Every structure is written in structure tokens, then in C-alpha cells.
Amino acid sequence: MQTVRQCEALQGQCLEWRSQGLRVGFVPTMGFLHEGHLSLMRIARSRCDKLVVSIYVNPLQFGPGEDLESYPRDEEGDAAKCDQEGCDLLFLPHSLYSEGHSTRVRVEGLTNRLCGANRPGHFEGVTTVVSRLFGLVLPHLAVFGEKDFQQLAVIRRMTRDLGLPVEVVGGPLVRDLDGLALSSRNAYLSTEERARALSLSGALRAMAESGIQDTSDLLRLGHGLLEVDELDYLEVLDAETLEPLEVLDRPARAFVAARVGRTRLIDNWAL
């Protein structure tokens, strides 16, 4: 496995692979890798000749007071996991943005709700960094997890709208044995907080299994099962447009974001 830190070295290697007719797959991450990330690498690995993984804690997607400085990091452990999963090139930049970087990419509509409403500027940071990475890696396909379902929808829309020749693939959400959606931020949770954090997946599962079609009643059920310190949102939305539904008459998903202790967690479930 190669490890590179310079943007020019990354792009040069990927251009060389493409000139050889090789299919390049890409998994962008912010590191502190867990089984969810590794599952995305396996999906990409099975569909490409060369696999690129990036690890970069992107400052553009963190708002004031968020955990940019304290975000968990484990460069040595992450590199070992990438090597084990057959990564061909690990990109570990010190920075992705040159001095004077002034370009931003914004997707409208899909970013109006959920984390887009609760974290102003977050998705602009996501789409800016992903478009930058796409321009460097030039991948044939890129894999993103369905745990960040809104992010996946936004990146798909950005890729389509900008005419980027990248196949955006969604990887299934991965849960721990107790049902908690895997997240690098789970490391922040105390034992007591983790027990309460299970109420997120518990509420969503109950909503999915209830058979209730009226979304107001569904949300009432979910609210009654949550054991959190601060609820950002609990919503039932159209799975494609992310618009609210009154009844479950089409594919839908339930979305939740909440703080348990000081840790902000998100989860979603197909309905």
C-alpha cells in the first residue's frame, strides 16, 4: 500500500492508473476507522482494480463550537486497517486547500432539512471537500455509507448536477451487536450514555415494525421511546426527495439526530 500526503502525487498516480485502463474506486473518510468504513472499502474493492482511501478531518464541515479539534484520530491504526482491506493508496493530506482557496460547492433543496437545517454550512463543507477529492482521485466509483443518508443523497445530486463521471454507491448502515449505528463519535460515550444512546435505534426500529401508516402517529411513538438529552430532530421523510410525508404511501425513512451527553448522534431506518 502506498501512502501519499501531497495532492499532486495522489492525482499523478490515479491518472497513471486510468491511462492503463484500470478502474479506480474511492472511499473518502475522516478516519478513526470502524467496521462501517471497512464495509465500504470491501464494496469498492470488489468493483475496482485500484482502491484509494482518504483520511482527512475536513474543517469546512464543522461549525463553531463543534468537535473539530477533539475529533478522534488514529493514523497508525487506520493505516493498518486500510492495508488489511487491500487499499492500494492511502491519502493522508495535511491540508486539501491551498492558500486563498475561495471556491464552495452548494446543493440546494436536499440540504434544507435534517442536518442541513441544524448544522448551517455543514453540507457546503461536505460537497466542497468531496468535489475537491473527486478532482484529485478521478475515481470511476466512490462509496459512501447510508448511515449519513442525507449526505449520500446530497453527494449523488451534486455529482449528477455537475456532470461528474463518478458512480456514487451507497453502502448499508452497519450496527454494533447492541444495535447502535457505528460512528467514530461513539468513542465519546460513557457506559451510561451508550445505554441511553440505544434508544435512537430502538425508537426507529419500533416505528418501522409498528405497521402505523400515519406519520404523526409514528412520530408520537418514536418521541415516547427516546432517552436523550437534546433532540435535534425526529422526522419521517420521502426516501428520495427528503420531503415530509403525511402517510407512508411510498418508500420512506425515519431520521433522528440527538445529543446524549455531549455527543451528537444520528441514525435512520427504512420504513
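The values are calculated or read from the model by the stated rules, or taken from the named source; none is laboratory data. The structure presented is a predicted model; accordingly, all values stated were derived computationally and were not measured. When we count neighbours, we look across all protein chains shown, and the Cβ atoms used for this are built from the backbone with ideal geometry, even at glycine. The area values use the complete protein model at the heavy-atom level, side chains included, leaving out ligands, DNA and RNA. Shrake-Rupley method; radii C 1.70, N 1.55, O 1.52, S 1.80 Å.
Any chance you could give the angle, 0 to 90 degrees and rounded to 10, that helix 215-225 forms with the longest Cα principal axis of the chain?
Roughly 90 degrees between the two axes.
Add -39500 (n - 2.57) for each DSSP H run of 4 or more in the chain, then divide by its residues: what number comes out at 222 nm, to the nearest 500 deg cm²/dmol?
Taken over the chain, the calculation gives -11500 deg cm²/dmol.
Rounded to the nearest Å, what's the spacing between the alpha carbon centres of the stretch 1-68 and the stretch 208-271? Just the number, please.
31 Å
For residue 47, what is the net charge nearby, where nearby means another residue's Cβ is under 15 Å from its Cβ and Lys, Arg count +1, Asp, Glu -1?
Neighbour charge sum, excluding residue 47 itself: 0.
Using amide H atoms built 1.01 Å from N in the peptide plane, name the residues 5+ places from residue 145, or on other chains, whose amide H lies under 5 Å from its own.
Excluding prolines and chain starts, which carry no amide H, the hits are 171.
For residue 233, what residues show an amide H to amide H distance below 5 Å, using hydrogens built from the backbone and excluding near sequence neighbours?
When sequence neighbours closer than 5 places are left aside, the close amide H contacts are 257.
In the calculated pair distance distribution of the stretch 119-270, what percentage of Cα-Cα distances lie above 22 Å?
Across the stretch 119-270, Cα pairs with separations above 22 Å total 46 percent.
Calculate the length of the line joining the C-alpha centroid of the stretch 155-180 to that of the stretch 118-132, in whole Å.
Their Cα centres are 15 Å away from one another.
Keeping all protein chains in place, calculate the accessible area per residue for the stretch 1-72 (probe 1.4 angstrom), answer in Å².
Here the per-residue accessible area is 45 Å².
Taking H placed 1.01 Å from N in the peptide plane, check which residues at least 5 places from residue 182 or on another chain put their amide H under 5 Å from its amide H.
Those lying under 5 Å, H to H, from residue 182 are 174, 175, 176.
In square angstrom, what is the accessible area per residue of the stretch 145-188 with a 1.4 angstrom probe?
With all protein chains present, the stretch 145-188 gives 46 Å² per residue.
Identify which of the listed values of log10 I(q)/I(0) by the Debye sum over Cα atoms at q = 0.07, 0.09, 0.13 Å⁻¹ was calculated from the structure shown: (i) -0.31, -0.49, -0.88; (ii) -0.21, -0.36, -0.78; (iii) -0.25, -0.42, -0.89.
(iii)
Run the accessible area of the chain with a 1.4 Å probe and give the carbon-and-sulfur part as a rounded percent.
Here carbon and sulfur together make up 47 percent of the probe-accessible area.
Could you run the Karplus curve 6.51 cos²θ - 1.76 cosθ + 1.60 with θ = phi - 60° over the stretch 152-160 and give me ³J(HN,Hα) per residue in whole Hz, x for Gly and Pro?
For the stretch 152-160, the Karplus curve yields 4, 5, 5, 5, 4, 5, 4, 5, 5 Hz.
Per residue and in Å³, how big is the convex hull formed by the alpha-carbon atoms of the stretch 30-163?
Output value, Cα hull per residue: 119 Å³.
When each pair of different Cα atoms in the stretch 29-88 is counted once in the 1/r mean, what is the Kirkwood radius in angstroms, to one decimal?
After inverting the mean inverse Cα-Cα distance, the result is 12.5 Å.
Applying the Karplus parametrisation 6.51 cos²θ - 1.76 cosθ + 1.60 with θ = phi - 60° to the phi angles of the stretch 118-124, what ³J(HN,Hα) value in whole Hz is obtained for each residue in order, glycine and proline being reported as x?
Values, residue by residue: 8, 10, x, x, 4, 6, 5 Hz.
Averaged across orientations, what area in nm² does the convex hull of the alpha carbons in the stretch 181-271 project?
The directionally averaged projection comes out at 5.6 nm².
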